Amino acid sequence: MDKFQAEIRSSFRTEMFAFGLYTVLGNQYKSFKPNFGEHLKEAGKQEHMHGRIFRQFYKKQYNIDLKEEKLCIAFGKLMGYALTPMPLSKKLKMISDNEANVVVKIEKQITDGVDNKDYLKVLKRILPDEIAHSKIYDDAFGDK
Ligand SMILES: [Fe+2]
Ligand SMILES: [Fe+2]
């Protein structure tokens with residue numbers, strides 16, 4: 001497996017993991033602010049959709065089905081439960097920083113140029129969502 005293939009697989013896994021994590025947080029913090037739980041769960045649904053986009057791309061590129069969807073979602077949920085003792089502000093800071101790193105990475109890839117046209121489309125499709133996710137901490141605590 002070359003670096004590119006490994007990266008797509010890793011992206012697929014990370015997206016599915018994030019779906020599980022956001023889903024648990026959305027349930028745990030639904031009354032933190034009006035619609036906040038929905039906001040987190042909506043982010044989770046976007047991650048799920050990103051995961052499916054990476055899976056589709058992987059299938060088209062390598063004709064291999066990535067099968068670890070359920071496992072990765074379960075790990076994300078497990079992480080959500082494991083983080084329960086951590087204050088929400090700390091959790092969301094960590095998550096937003098992570099999302100911001102993803103944004104930087106995607107923007108750099110797009111700027112540097114992507115040979116694969118379909119992959120470029122994938123990156124451009126998910127970028128606005130990841131930008132929105134990087135603001136989740138501010139959405140929750142920015143006005144304080
Ligand atoms: Fe994503
Ligand atoms: Fe994200």
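Residues in the stretch 85-92 carry Karplus couplings, in order, of x, 6, x, 4, 4, 5, 4, 5 Hz; the curve used is 6.51 cos²θ - 1.76 cosθ + 1.60 with θ = phi - 60°, and Gly or Pro positions show x. Using a cut-off of 29 Å between Cα atoms, the listed pairs LYS45/LYS90; LYS33/LYS59; LYS93/LYS117 include LYS33/LYS59; LYS93/LYS117 as exceeding that distance.
The string of couplings for the stretch 3-12 from the Karplus curve (6.51, -1.76, 1.60, θ = phi - 60°) is 4, 5, 4, 5, 5, 4, 5, 5, 5, 4 Hz, one whole number per residue in order, with x for Gly and Pro.
The mean accessible area for residues of the chain, using a 1.4 Å probe and ignoring ligands and nucleic acids, is 58 Å² per residue. What is the gain in length, in nm to one decimal, between ALA82 and VAL114 on full extension, counting 0.36 nm per residue of separation less the C-alpha to C-alpha distance? Result: 7.8 nm gained on full extension.
Close amide H pairs (under 5 Å, H built 1.01 Å from N) link SER134 with no residue at least 5 positions away or on another chain.
Under the criterion of Cα pairs below 8 Å and six or more residues apart, the relative contact order for the chain equals 26 percent.
The label-point distance for ASP65 and MET1, in a model that sets each label 7 Å from Cα toward Cβ, rounds to 1.8 nm. Each peptide among 27-33, 10-16, 134-140 gets the average number of other Cβ atoms lying within 10 Å of its residues, and from highest to lowest they stand as 10-16, 134-140, 27-33.
Backbone phi angles across the stretch 97-110, fed through the Karplus curve with coefficients 6.51, -1.76 and 1.60 (θ = phi - 60°), yield HN-Hα couplings of 4, 4, 5, 4, 5, 4, 4, 4, 5, 5, 4, 5, 4, 5 Hz in residue order; Gly and Pro are listed as x. Across the accessible surface of the chain, with the other protein chains kept in place and a 1.4 Å probe, carbon and sulfur atoms take up 57 percent. Build a GNM of the chain with springs between Cα atoms under 10 Å apart, and of ILE131, ILE64, ILE73 the one that fluctuates most is ILE64.
The values are calculated or read from the model by the stated rules, or taken from the named source; none is laboratory data. If you're wondering where the values come from, they're calculated on a predicted model, not measured in any experiment. We place every Cβ from the backbone using ideal geometry, glycine too, and count neighbours over all the protein chains shown. Heavy atoms of the whole protein, side chains included, go into the accessibility calculation; ligands, DNA and RNA do not. Shrake-Rupley method; radii C 1.70, N 1.55, O 1.52, S 1.80 Å.
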